[in-house]
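Q: Take a look at the following structure, please.
All of the numbers you see were taken from the coordinates with simple rules; none came from a lab. As the structure is a computational prediction, the values presented were derived from the model and not from experiment. Heads up, the Cβs are rebuilt from the backbone with ideal geometry, glycines too, and the neighbour counts pull from every protein chain shown.
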Amino acid sequence: MLEIQNLSKKFDDFTAVDRVNISVPDGSFLVLLGPSGCGKTTLLRMLAGLELPSAGQLIFGDQLVSDGDKGWNVDPANRRSGLVFQSYALWPHMSVRGNVDWPLKVAKMAKKDRVQRIDEVLKLLGIEKLADRFPNEISGGQQQRVAIARTIAPRPEVLLFDEPLSNLDAKLRVEMRAELMRLHRKIGATSVYVTHDQIEAMTMATHVAVMNEGKIEQFGTPEDLVQRPNSTFVANFVGTPPANIIPVISMNGIAKIENSDIQFKCEVPDVRSAMFRAEDISLSQTASKNALALEVSEVSGIAGRTMVTALAGPLRLTSIVDEVPKLQVDDPVYFVLPDKPACWFDQDGKRI
Ligand code: ADP
Ligand code: MG
């Protein structure tokens, strides 16, 4: 198990990471997802041992590796974790082989074993032909492979990634995503992967922790987050397309959409908005119950289906349908809501 218990990090008065609790089973692929500045890198640096927590504990397997309450830390080299940086951070004066060899030398591995291990990981990453090149003689994608090879060479039990693909172009990013997942299955080390890209998160993760202002907004499987988001923040952050969240006025067991005669039965009090999945909204040329008259603002294909979006003031509504509707931008169309929303949110945007 990887256990993060009540972990906090303060920089002077500023709390960058605020009482984080997460525990994941061995071999998990945990993604930390959140907007820039929410504390992802700080949390990852505490896992790596590069930052001493202000409070809380970190446990890898059965080993306590950080105790913020006691101001105590196992140093990075002794905690069997490896970190892959966004910037790759390769040694420019060392060959590919030299870079991968470096952590093995630090670990005082015998020369014969090092040579064997280097060949093994270079092969695993498909870069064995580049062994004698220098970082400035290979592409960005290849450099990232070298950085990953270097990190996994000493067989860490916990692999840490800080936005490792963000410097690669879109096509290479998709390729590397698949390759990292293959690598994870092969070596089985528990991985913690930081990103602000929700598609990356949802496709790679066994578990996702959504962060906002230093706190974990929600921890769960990708499926949990899409089906039962804890807050409008999570609902807006995950899912492709983002969830439809519509403000409502609720009274006497009825929630009504503003400026319309569409209303829903609603047993819970103090409801301020309702969420509808894009798959649950259909399109129609004729008026009917629960139909909002809107104008199409975008039509696009998504995984063999069609996504139709309309803007209505501040509201953005998206429907996903199986057939290809004969619709173009600016065409009028009815968005037909289901009889019941997927969930309700209160005035703080929390799910009720
Ligand atoms: P993320 O990786 O999610 O973009 P970071 O963990 O890098 O976020 O930063 C979280 C917050 O902590 C930011 O507001 C950042 O300015 C602040 N912060 C990070 N490191 C330090 C530091 N060494 N000293 C002071 N503030 C810091
Ligand atoms: Mg960061």
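Q: What FRET efficiency would be calculated for the residue pair SER288, GLN86, taking the C-beta separation as r and a Förster radius of 45 Å, to the nearest 0.05?
A: Values: r = 50 Å, r/R0 = 1.12.
Taking R0 as 45 Å, the efficiency between SER288 and GLN86 is 0.35.
Q: When a/c reaches 1.5 or more, the comparison of a/b and b/c decides; with that in mind, is the stretch 1-89 rounded, prolate or oblate per its Cα gyration tensor? Before the final figure, lay out each step's value.
A: On the way: a/c = 1.28, a/b = 1.06, b/c = 1.21.
Rounded, since a/c falls under 1.5.
Q: Let me ask something else. Specify the angular offset, from 0 to 90 degrees and rounded to the nearest 10, of the alpha carbon long axis of helix 170-187 from the longest principal axis of the alpha carbons in the chain.
A: 60
Q: What net charge is computed for the residues neighbouring VAL17, neighbours being all others with C-beta under 11 Å from the C-beta of VAL17, Lys and Arg scored +1, Asp and Glu -1?
A: On the way: positive: LYS9, LYS10, ARG19, LYS40, ARG45, LYS215; negative: ASP18, GLU51, GLU213.
Cβ neighbours under 11 Å give a net charge of +3.
Q: Packing-wise, with mean Cβ within 10 Å as the measure, how do 280-292, 227-239 rank, highest first? Mind showing how you got there, number by number?
A: Details: 280-292: 14.4, 227-239: 20.1.
Highest-to-lowest ranking by the protection proxy: 227-239, 280-292.
Q: Quick check on the stretch 141-231: what are the equivalent-ellipsoid semi-axes from the Cα gyration tensor, as sqrt(5λ), descending, whole Å? Provide the component values of the computation, followed by the final result.
A: Details: eigenvalues 117, 46, 30 Å².
Three semi-axes, in Å: 24, 15, 12.
Q: Can you give the helix-only mean residue ellipticity at 222 nm for the chain, where every DSSP H stretch with n ≥ 4 adds -39500 (n - 2.57) and the sum goes over all residues, rounded to the nearest 500 deg cm²/dmol? Kindly include the intermediate steps, with their values, before the conclusion.
A: On the way: 8 runs with 84 residues, N = 352.
Here the helix-only value at 222 nm equals -7000 deg cm²/dmol.
Q: For SER166 and VAL321, calculate 0.36 nm times their separation in residues minus their Cα-Cα distance, and state this gained length in nm to one decimal.
A: Numbers: separation 155, 0.36 × 155 = 55.80 nm, distance 3.16 nm.
Between SER166 and VAL321, full extension yields 52.6 nm more.
Q: For the Cα atoms of the chain, what angle does the longest principal axis make with the long axis of helix 140-152, in degrees from 0 to 90, nearest 10?
A: Once rounded, the angle reads 70 degrees.
Q: Exceeding 18 Å between C-alpha atoms, which entries from my cross-link table qualify? They are LYS40/LYS171; LYS10/LYS40; LYS10/LYS70. Present the calculation step by step, with values, prior to reporting the outcome.
A: Details: LYS40/LYS171 25 Å; LYS10/LYS40 14 Å; LYS10/LYS70 15 Å.
In this structure, LYS40/LYS171 lie more than 18 Å apart at Cα.
Q: Helix 96-106 against the longest principal axis of the chain: what's the angle in degrees, Cα atoms only, rounded to the nearest 10?
A: The angle comes out near 70 degrees.
Q: About the Cα centre of the chain, what is the dipole size in debye to 20, counting +1 per Lys and Arg Cβ and -1 per Asp and Glu Cβ, all else neutral? Intermediate values should be presented prior to the final figure.
A: Details: 40 positive and 44 negative charges, 277 e Å.
Computed charge dipole of the chain: roughly 1340 debye.
Q: Let me ask something additional. Mind checking which aspartates and glutamates have their C-alpha under 18 Å from LYS105, skipping anything on the same chain fewer than 8 residues away?
A: Straight-line reach from LYS105, under 18 Å: ASP75, ASP113, ASP119, GLU120, ASP132.
Q: Here's a follow-up. Before anything else, pin down the relative contact order of the chain: Cα pairs under 8 Å, at least 6 apart, normalised by residue count, whole percent. Walk me through the numbers on the way to the answer.
A: On the way: 740 pairs, mean separation 53.9, N = 352.
Reported as a whole number, the value is 15 percent.
Q: Moving to a separate point now. From zero up to wherever the largest Cα-Cα distance of the chain sits, split into 20 Å bins and tell me the percent of pairs in each.
A: Result, from short to long distances: 26, 47, 24, 3 percent.
Q: While we're here: Please report the relative contact order for the stretch 300-350, taking Cα pairs under 8 Å with a sequence separation of at least 6, and give it as a percent rounded to a whole number. Before the final figure, lay out the partial values.
A: Details: 32 pairs, mean separation 12.2, N = 51.
Over the stretch 300-350, the number comes to 24 percent.
Q: Sorted from largest down, what three extents in whole angstroms do the Cα atoms of the stretch 272-312 have along their principal axes?
A: In descending order, the Cα extents are 30, 25, 17 Å.
Q: With r defined as the distance between the Cβ atoms of ASP119 and ASN21 and R0 fixed at 35 Å, what FRET efficiency is calculated, to the nearest 0.05? Show your work: numbers first, answer last.
A: Values: r = 41 Å, r/R0 = 1.18.
Computed FRET efficiency for ASP119 and ASN21: 0.25.
Q: Now for a separate question. Give the peptides 135-147, 261-273 in descending order of average Cβ contacts within 10 Å, highest first.
A: Working: 135-147: 17.9, 261-273: 14.8.
Highest to lowest by the protection proxy: 135-147, 261-273.
Q: Can I ask one more? Quick one: grab the alpha carbon gyration tensor of the stretch 195-352, order the square roots of its eigenvalues as a ≥ b ≥ c, and give me rounded if a/c is under 1.5, else prolate or oblate depending on whether a/b is larger than b/c. Don't skip to the answer; put the middle values down first.
A: Values: a/c = 2.19, a/b = 1.17, b/c = 1.88.
Note, shape of the stretch 195-352 comes out oblate.
Q: What nm distance separates the two modelled labels at GLU213 and ARG185, each placed 7 Å from Cα along Cα→Cβ?
A: With each label placed 7 Å out from Cα toward Cβ, I get 4.1 nm.
Q: What percent do you get for the relative contact order of the stretch 135-229 when only Cα pairs under 8 Å and 6+ apart count?
A: Numbers: 73 pairs, mean separation 19.6, N = 95.
21 percent.
Q: Follow-up. Give me, ordered by chain and number, the residues 5 or more places off LEU327 or on other chains with an amide H under 5 Å from its own placed amide H.
A: Counting only residues 5 or more places away or on other chains, the set is empty.
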